[in-house]
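So the structure is just underneath, and the comments pick up after that.
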Amino acid sequence: MRLQQPERTQAVVAVTSNRFLVDGVHRDWLRRKYVQALHRHAGVACVILPTVDAEDALEEVAPAIMRRLDGLVLTGDESNVDPAVLSAPASLDPDRQDVEPGILDRPRDRLSAVAIESAIALGMPILGICRGLQELNVYLGGTLRPSLAEWSRESGAMHAEKPDRPRDRQYDAAHRVRISSDGALFPIARMIEAQVNSLHNQGIEALAPALRREAWAPDGLVEAASVIGAPTLQIGVQWHPEWHVSTDVLSKQLFKAFGEACVGYCRTKKG
């Protein structure tokens, strides 16, 4: 007699998309690297969330979707965060441009605002990546430096994208980070220092009161933060762990920990 194996729980997570404007046509898009890393290294299935126009920001669509899911991934993007929109996603200014490739993506800002609100209310696992860390900080009351290069030429060079390199090599390690020994990241990383990639123009200025600093760069810039008192893993990192996750130990451990948190949340919901 064969014993039936217990059914494996697979969590399903929400993944933020971005708005892409070509020839006047609006599209939502997402790099496959995120989905691949989540599927292969976190063991979760993905639902891609569409971006949000201002007139739709008050609808209850996002909370209804989020209640059915087990985690939230705030992805990175080339565009800068607009703190005003992230703080008030339903604000409508018909004369204001919403999308400027590589500069502005206000539909994404609105999506992230409503998704973060739902995830925190539900006590759901959150993984913010690059822009995602900045969104989490702004939503919870922190501020951003709009340009690291204007803050410090050395910091701007340390953290900026390297457009002269092939795309794959742009995500090579760019600088080290120091990891807090008594935070949420250390048990995942199991190291005090790590080498990370860096491709961002904005950065955290004032950390939100609800966030705890988990890692920082040599110039003092916050590189990772977690939600204080969260019932599960709610963390953001400034680097891109999805890019070389198959060969980078820290990236692999981060996705594994997020996947385990999502499965735990899923089982708690069902139980």
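The values are calculated or read from the model by the stated rules, or taken from the named source; none is laboratory data. These numbers were taken from a predicted model, which means no experiment stands behind them. A quick note on method: Cβ atoms are made from the backbone with ideal geometry, for glycine too, and the neighbour counts reach across all protein chains shown. Calculation scope for accessible area: heavy atoms of the full protein, side chains included, ligands and nucleic acids excluded. Shrake-Rupley method; radii C 1.70, N 1.55, O 1.52, S 1.80 Å.
Annotations for the structure displayed:
- Sole exception among (1) out of contact with any Pro (no Cβ under 9 Å at 6 or more places or on another chain); (2) under 25 Å from Val138 (Cα atoms) for Phe258, by number: (1)
- Residues located in the range 222-245, provided they are charged (D, E, K, R) and outside any loop (DSSP other than H, G, I, E, B): Glu223
- For the range 178-208, a residue qualifies if it is open to solvent by 60 Å² or more (accessible area, probe 1.4 Å) and either in contact with a helix residue (DSSP H, G or I) (Cβ under 7 Å, 6 or more places away or on another chain) or on the phi > 0 side of the Ramachandran plot (or both), and the qualifying residues are Arg190, Asn201.
- Note on the range 148-177: among residues that are in contact with a strand residue (DSSP E or B) (Cβ under 7 Å, 6 or more places away or on another chain) and part of a helix (DSSP H, G or I), the one that is surrounded by the most Cβ atoms within 10 Å (Cβ to Cβ) is His159.
- Residue that is farthest from the chain's Cα centre (by Cα), among those in the range 94-124 that are within 21 Å of Arg212 (Cβ to Cβ) and not in a helix (DSSP H, G or I): Gly123
- Residue ID - nearest to Leu127 (Cα to Cα), chosen from residues in the range 14-34 that are in contact (Cβ under 8 Å) with a residue 24 or more places away in the chain and assigned to a loop (DSSP other than H, G, I, E, B): Ser17
- Residue within the range 87-97 that is surrounded by 14 or more Cβ atoms within 10 Å (Cβ to Cβ) and in contact with a Phe, Trp or Tyr (Cβ under 7 Å, 6 or more places away or on another chain) present: no
- Filter result (without any contact (Cβ under 8 Å) to a residue 12 or more places away in the chain and outside any helix (DSSP H, G or I)) within the range 35-64: Glu59, Glu60
- Pairs with Cβ under 6 Å, 6+ apart, first in the range 231-257 and under 18 Å from Ser180 (Cβ atoms), second modelled with pLDDT under 95: Trp239/Asn197
- Within the range 187-231, the set of residues being of a type in the set (Asp, Glu) and under 18 Å from the mean Cα position of the chain (by Cα) comprises Glu205, Glu214, Glu223.
- Residue in the range 70-80 that is β-branched (Val, Ile, Thr), modelled with pLDDT of 95 or more and open to solvent by less than 70 Å² (accessible area, probe 1.4 Å) present: yes
- Answer residue from the range 125-144, given it is in a helix (DSSP H, G or I) and of a type outside the set (S, T, N, Q) and is most open to solvent (accessible area, probe 1.4 Å) among those: Tyr139
- Any hit, the range 25-37, residues being modelled with pLDDT of 95 or more, of a type in the set (A, V, I, L, M) and in contact with a helix residue (DSSP H, G or I) (Cβ under 7 Å, 6 or more places away or on another chain): yes
- Within the range 76-134, tally of residues that are within 21 Å of Val44 (Cβ to Cβ) and of a type in the set (Lys, Arg): 1
- Among the residues of the range 256-271, those identified as among the hydrophobic types (A, V, I, L, M, F, W, C) and either crowded, with 23+ Cβ neighbours inside 10 Å or more than 19 Å from Val35 (Cβ to Cβ) (or both) are Phe258, Ala261, Cys262.
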